[in-house]
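The values are calculated or read from the model by the stated rules, or taken from the named source; none is laboratory data. Every value quoted in this text rests on a predicted model; they were computed, and no experiment measured them. When we count neighbours, we look across all protein chains shown, and the Cβ atoms used for this are built from the backbone with ideal geometry, even at glycine.
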Amino acid sequence: MCKAARLAFTLVELLVTIAIIGILLGLLLPNLAAVQATAKAGAQSAILQSFGKGFVDFSTLDASGRLCTGAYDHMRDGDLTKIGWVADLVNGKYANPTKALDPVNRMRINEKFAEAAGSIVQSSLNNVRWRTNHTFRADGTAVTARADAIGSTYFGMTQTVWDDGYNTNFATTWQFSRGDNNITVDDEYSTNASSFDGSKSPLDGDGPLSTQILGDATLKTSADKIPLLGPARVVNNTEAAFAATGVNAVGTVNAFIDPTGRRQPAKVGDFVIESFCDGPMASVTTTANPYKTAEKVYDLCDIVPNCRAKITAIAGGKVMAGGFVNLLFADGSCRRINDTNGYGGPRGDSFIGPFRADMNPLTDNAVFDDGCYDEVRDDVYLGRMRTILTAGGGSAE
């Protein structure tokens, strides 16, 4: 008995051991969080690079050398399982974007996937891309209205749109999926001024980025400065949020993903993810315009610098800012761009380059000032990519 007593821990020894373990955990946990954040940022970069390789491989087989067939936009561009950069990667067996989601972003479902599922309504059916092209539903009948192009009605009850990879939480730039805008001055997208297939639709640009464009003698920049893809910002409006009042929206998208109900990726309170950045909408303010003839420059407002970001108070609210973003560029490189400047002076503002006026994600215009230019000047080109050709313009025509 005495020997057993000598082998036992005393209460004091036990308490000291517990205290030491607590101290060690207190020292270790912050480091573990930093290591985890670094690992996720590295994984984000690796995913983007793999997509970039897929775009290059796709361009070698495309008759026009396009890096993609267009934006990921079911209603504007056409069936998201056939048209757009996500479909290009999946159908070419280059990647499965659903299985290669941005690990930094908790939100998983793209607004365009939710549209295709019939869960939310963001835009109307593009007549040019659907009805006049004689698109047919799974049962062989023609698509004549928006309701004919969504959910299992269109895709069929045995659809595997989610499993096959047709979803993403990354967003493309306008330069990548739309090209230069099609009006004679650099202004925001034409909003039907020169396009008959709808605002922000394919004819608002001169076509997806291609090797032909990158080799154009009138190209104003180099491939290593033309951004293609990055982590997407959430859609910040009540229509696109799976809010407490949106239980039916959650149920609709989950039932589309898995009619058996075993998997439910959408959660009440989650937001859906942006699909692509808008056209040239950022007004140049105090900077002597580095893009010369451009009246407005492209924004990256729907791509978010979410790596290692911290809560920051800006414009009477709080945002995750001061981190960095991994951006995929047209030369295939993926580089880190820091959120160091923008709204309110020399500090992160949760935007790369131009910021939305008054920090309102729903505003129609963005602002590009000295701080914004300093943030991207050596890495990202945000002006028109090619010279506007005019009659009598010479050999470049």
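Structure values in brief
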item	result
Members of region 39-56 that are among the β-branched types (Val, Ile, Thr) and within 20 Å of residue 308 (Cα to Cα)	47
Single unsatisfied condition, residue 289 versus (1) without any contact (Cβ under 8 Å) to a residue 60 or more places away in the chain; (2) part of a strand (DSSP E or B)	(2)
Residues being part of a loop (DSSP other than H, G, I, E, B) and surrounded by 13 or more Cβ atoms within 10 Å (Cβ to Cβ) - total across region 128-138	6
Residue 259 being more than 22 Å from the chain's Cα centre (by Cα), in a loop (DSSP other than H, G, I, E, B) and over 18 Å from residue 345 (Cβ atoms)	yes
Whichever residue in region 99-125 is buried (at least 23 other Cβ atoms within 10 Å of the Cβ), in a loop (DSSP other than H, G, I, E, B) and of a type outside the set (A, V, I, L, M) and, among such residues, is modelled with the lowest pLDDT	119
Count of residues meeting criterion [in a loop (DSSP other than H, G, I, E, B), free of Cβ contacts under 8 Å to residues at least 60 places away in the same chain and not aliphatic (A, V, I, L, M)] in region 306-332	3
Helices (runs of 4 or more DSSP H) enclosed by region 150-209 - at least 3 residues per element that are of a type in the set (Val, Ile, Thr), modelled with pLDDT of 90 or more and in contact with a strand residue (DSSP E or B) (Cβ under 8 Å, 6 or more places away or on another chain)	none
Which listed residue is of a type in the set (Asp, Glu) and closer than 14 Å to residue 170 by Cβ, from 62, 77, 88, 57	88
Cross-chain or 6+ apart pairs with Cβ under 6 Å, region 66-83 first and at positive phi and part of a loop (DSSP other than H, G, I, E, B), then polar (S, T, N, Q) and crowded, with 24+ Cβ neighbours inside 10 Å	70/177
Residue, surrounded by the most Cβ atoms within 10 Å (Cβ to Cβ), within region 320-339, restricted to residues that are more than 18 Å from residue 40 (Cβ to Cβ) and not polar (S, T, N, Q)	330
Count - residues of region 73-102 that are within 17 Å of residue 265 (Cβ to Cβ) and not basic (Lys, Arg)	8
Failed item in (1) touching a Lys or Arg at 6+ places or on another chain (Cβ under 8 Å); (2) in a loop (DSSP other than H, G, I, E, B); (3) within 23 Å of residue 171 (Cβ to Cβ), with residue 282 passing the rest	(2)
Number of the condition not met by residue 335 [criteria: (1) in contact with a Leu (Cβ under 9 Å, 6 or more places away or on another chain); (2) in a loop (DSSP other than H, G, I, E, B)]	(2)
Residue in region 96-110 that is touching a Cys at 6+ places or on another chain (Cβ under 8 Å) and closer than 30 Å to residue 309 by Cα present	yes
The one condition in (1) at pLDDT 90 or above; (2) out of contact with any helix residue (DSSP H, G or I) (no Cβ under 6 Å at 6 or more places or on another chain); (3) in a loop (DSSP other than H, G, I, E, B); (4) not small (Gly, Ala, Ser) that residue 375 fails to fulfil	(3)
Answer from 340, 387 - the residue that is more than 20 Å from residue 234 (Cα to Cα), of a type in the set (Ser, Thr, Tyr) and at pLDDT below 90	387
So residue 19, is it at pLDDT 95 or above and in a helix (DSSP H, G or I)	no
Long-range neighbours under 9 Å by Cβ, at least six apart or interchain, first residue closer than 13 Å to residue 67 by Cβ within region 196-216, second of a type in the set (S, T, N, Q) and part of a helix (DSSP H, G or I)	208/177; 209/175; 209/177; 210/59; 211/59; 211/60
